[in-house]
Every structure is written in C-alpha cells, then in structure tokens.
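Okay, so here's the structure we're looking at.
The values are calculated or read from the model by the stated rules, or taken from the named source; none is laboratory data. The structure presented is a predicted model; accordingly, all values stated were derived computationally and were not measured. Positions of Cβ are backbone-derived with ideal geometry, glycine not excepted, and every protein chain shown enters the neighbour counts.
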Amino acid sequence: MNTTSTKEPKEQKNILPRIIISTILIIGLIFLIKGVWFNIHHEETDNAQVEMRIVPILSRVSGYVDKIYADDYSVVRKGQLLMVVDSAELVLQLQEMQADYIQSLSDIDNSKASLVNAEASLASSKGNLEVIKVRLEKCSADLKRDKSLIEGNAITQKQMDETHSNFDITSMQLKSGQIDVKVAATRIAILNSLVKKAQAQADIKNSHIDQQRLKLSYCRIYANADGKLGKRNIDEGQFIQAGAPLFTVVNTQSQWVVANFKESQLKNLEVGKIVHLKIDGYPKMEVQGKITSLSDATGAKFSLLPPDNSTGNFVKVTQRVPVRIEILEEAKYKDLLRAGMSVVVSVPLQ
C-alpha cells in the first residue's frame, strides 16, 4: 500500500512539466500560425513615421533682439507676435530718407518755377519778334516809297540813307529775335527734362522710404502658421543676421504617415486602399488610414548623394518607395500624435 501511494505523487510530478511545456508549445504554435496567417494576408512595414509640416520662421532683417514673446514648445496661432527686433537705427534712417524726400520735392518746385519763367520768357520773345516783324514791314514800305521819291528828287540822299539804315537794323533785330525764340524754346525743353528728372529722383526716394518702412515691419516677427514652436534658437539682446532661423513651427493642422515599403511589396498597394496603423507610442490605439499617393522614385533617389550604378561598384539592395497615407478621423488623434513618431503599417490583401 505504501509503495502504490508513493508512485502516484511521482507520476503527477512528472506529468505537470509535460503539461506546462505542451501548453507553451501550443500557445507558441498558435501565435506562429497567426503570424504566418497575418503575413500571408497582409503587407507590413515598420519603416514608417508620422509627418507634419515643419515651418521655419526666419528673420528678414539684421539687428539685436529686443523682446521675445514665445517660449519653447508653446502653442501659437498664425499672425501671433513672437518677437521684436530693435528698430531704432532703422527709424533714424527712415527720418533721414523722409528729409531727403522733402528736399527733392523742393527741387521739383524749383524746376517747375524755372520752367514757368522760361515759358514766360519764350512768350515775351515771341511777342518782341512779332513787333519786330511789324516794324520791318513798315521799314520795307518806307524803303520802297523813299526809293520812288529819291528818283524824283523829292527827298535828300541823307533821308534815303536813314530809311535804308532803319531797314537793315530792323532786319538784324528780326534775326536776333528769331534766335532768342529758339533759345527760349530749347531752354523750355531742358527745363522739362529737369522737372522729369527731379520727379523721378523724388519717386526713387519715396520708393526707398517704402522699402525702409517694409524693413521696419519686418522687425516684428509673427507666426506664419498655427501649431507648436520647437526649441527657440535666440535670446533677448542677441544679434541676428537676416535669414537666420529663429523658430520652427510644427503645423498641427495636417498630419499624415509616410511608410517606406519595399519595392517587392508595391504590387499589393494601390491608391485608396484602407490600411491599419499601429502607433508605437499608443500600442493599444487602433488607427486606420488610406493610401493617397505613391512616390515615383525610391527614397535613395532623393538622398544627398544618390547611388550611381554605372560606376561599377554595384551591390543590389532592395529599394524602398515612400507611400503617403492619410490618417482617417484625424481630429481624434490630433493632440496625441507627434511628428516623427514611429508607426507600423499593415495593408490587408484582397
């Protein structure tokens, strides 16, 4: 009796590990079958990430930072004031330009006044010329009459000489008057050109004033999109150069996923197909997406130094093609997703 009772516990102890091992093998086999089944009916890649528009905010003027109104990772709205650049020097330059512009307006007035005087001088010269023409007609008539009279000895030779002299003097005055009219007309053309030149210079200076005001407006730097700021690169009192990056705004208004599928997987991908997205940061969250476009070039072709197989150093590597995926019901995940988060993309096969 004792021998039988001792054998039964020993047999139970031998059976228990077998049961545990069998259970583990069965569970492992189930997971293996599920994995194989999943791979047969899905195309999957873990080479994917969440993408958002990252908008740089640059300075368009050089100067010292006067005030900063935003901090790292703060939420901003489009048009929100982020910082101010010291504009004292630009204001002084603007005042100098405005004074120079006022002086140019005075030059225009002076040129116009000179033009008015020249026009009056031309009118006077023309009037004098008409008087001389009338006088010359009289002298010509007197000369004809005196020639007839001297033939009849009705006048003396001295009177005839005086009449002839008056005619010659008036003729010379006519030529001089005609020259004065031409000179006055030429002076008007010159003064017209001077007026236009002065007006053009004033327009240039006014344009410089507008440019300076535009530069002054650039001293106030605003957010160019809704989103969240990245790490700021400047502090108050720091000197910045025009074109220097100051902030980066992550535009949270649009989010999508870019998945890099192997070229051998493309045969099972098409635009409009619904896919499953597994976000590494939220493994229990079920997200669906839709394929919106496939790149016409592999990722390697967009690299800084794309491979050139014609060099002879050719090693065949499976290439990956970027696929853009729209996140369905994007608003639900807007506050959860971050640019650059890793994603596993599964595409069911039909």
On the given criteria, is D235 touching a residue at least 12 places away in the same chain (Cβ under 8 Å) and either buried (at least 17 other Cβ atoms within 10 Å of the Cβ) or touching a Leu at 6+ places or on another chain (Cβ under 9 Å) (or both)?
no
Odd one out for K158 among (1) exposed (fewer than 12 other Cβ atoms within 10 Å of the Cβ); (2) closer than 30 Å to D109 by Cβ
(2)
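For (1) of a type in the set (G, A, S); (2) over 30 Å from S114 (Cβ atoms); (3) modelled with pLDDT under 85, each residue gets a yes or a no:
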| residue | (1), (2), (3) |
| --- | --- |
| V134 | no, yes, yes |
| K196 | no, no, no |
| A200 | yes, no, no |
| I204 | no, no, no |
| I221 | no, yes, no |
Any chance N224 is assigned to a strand (DSSP E or B), under 24 Å from G340 (Cα atoms) and touching a residue at least 24 places away in the same chain (Cβ under 8 Å):
no
Has segment 78-92 got any residue that is within 30 Å of Q253 (Cβ to Cβ) and exposed (fewer than 13 other Cβ atoms within 10 Å of the Cβ)?
yes
Looking at segment 238-253, which of the residues that are surrounded by fewer than 17 Cβ atoms within 10 Å (Cβ to Cβ) and more than 27 Å from E329 (Cβ to Cβ) is farthest from the chain's Cα centre (by Cα)?
Q238
Which one of these is among the hydrophobic types (A, V, I, L, M, F, W, C) and in contact with a Leu (Cβ under 9 Å, 6 or more places away or on another chain): L122, L82?
L82
Selection from segment 125-163 of residues that are without any contact (Cβ under 8 Å) to a residue 24 or more places away in the chain and closer than 30 Å to I188 by Cα:
G127, E130, V131, V134, E137
Residue within segment 254-266 that is in contact with a His (Cβ under 8 Å, 6 or more places away or on another chain) and either closer than 30 Å to K67 by Cβ or exposed (fewer than 15 other Cβ atoms within 10 Å of the Cβ) (or both) present
no
Verdict on D109 being within 30 Å of Q199 (Cβ to Cβ), in the same structural domain as A184 (by TED's automatic domain parsing), among the charged types (D, E, K, R) and assigned to a helix (DSSP H, G or I)
yes
Any hit, segment 319-332, residues being without any contact (Cβ under 8 Å) to a residue 12 or more places away in the chain and either within 32 Å of the chain's Cα centre (by Cα) or in the same structural domain as D71 (by TED's automatic domain parsing) (or both):
yes
Going by what's in this entry, would S104 be described as more than 37 Å from the chain's Cα centre (by Cα) and either touching a residue at least 60 places away in the same chain (Cβ under 8 Å) or crowded, with 16+ Cβ neighbours inside 10 Å (or both)?
no
Contact list please: Cβ distance under 6 Å, first residue in segment 77-94 and at pLDDT 90 or above, second residue surrounded by 16 or more Cβ atoms within 10 Å (Cβ to Cβ) and assigned to a strand (DSSP E or B), pairs at least six apart or on different chains.
L82/I221; M83/I68; M83/I221; V85/G63; D86/G63
Do we find that A120 is at pLDDT below 85, loosely packed, with under 15 Cβ neighbours inside 10 Å and among the aliphatic types (A, V, I, L, M) in this structure?
yes
Has segment 22-43 got at least one residue that is at pLDDT 90 or above and of a type outside the set (S, T, N, Q)?
no
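The rows are residues; the columns are (1) surrounded by 14 or more Cβ atoms within 10 Å (Cβ to Cβ); (2) modelled with pLDDT under 75; (3) assigned to a helix (DSSP H, G or I).
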position: A154; (1), (2), (3): no, yes, no
position: D168; (1), (2), (3): no, no, yes
position: T186; (1), (2), (3): no, no, yes
position: L216; (1), (2), (3): yes, no, yes
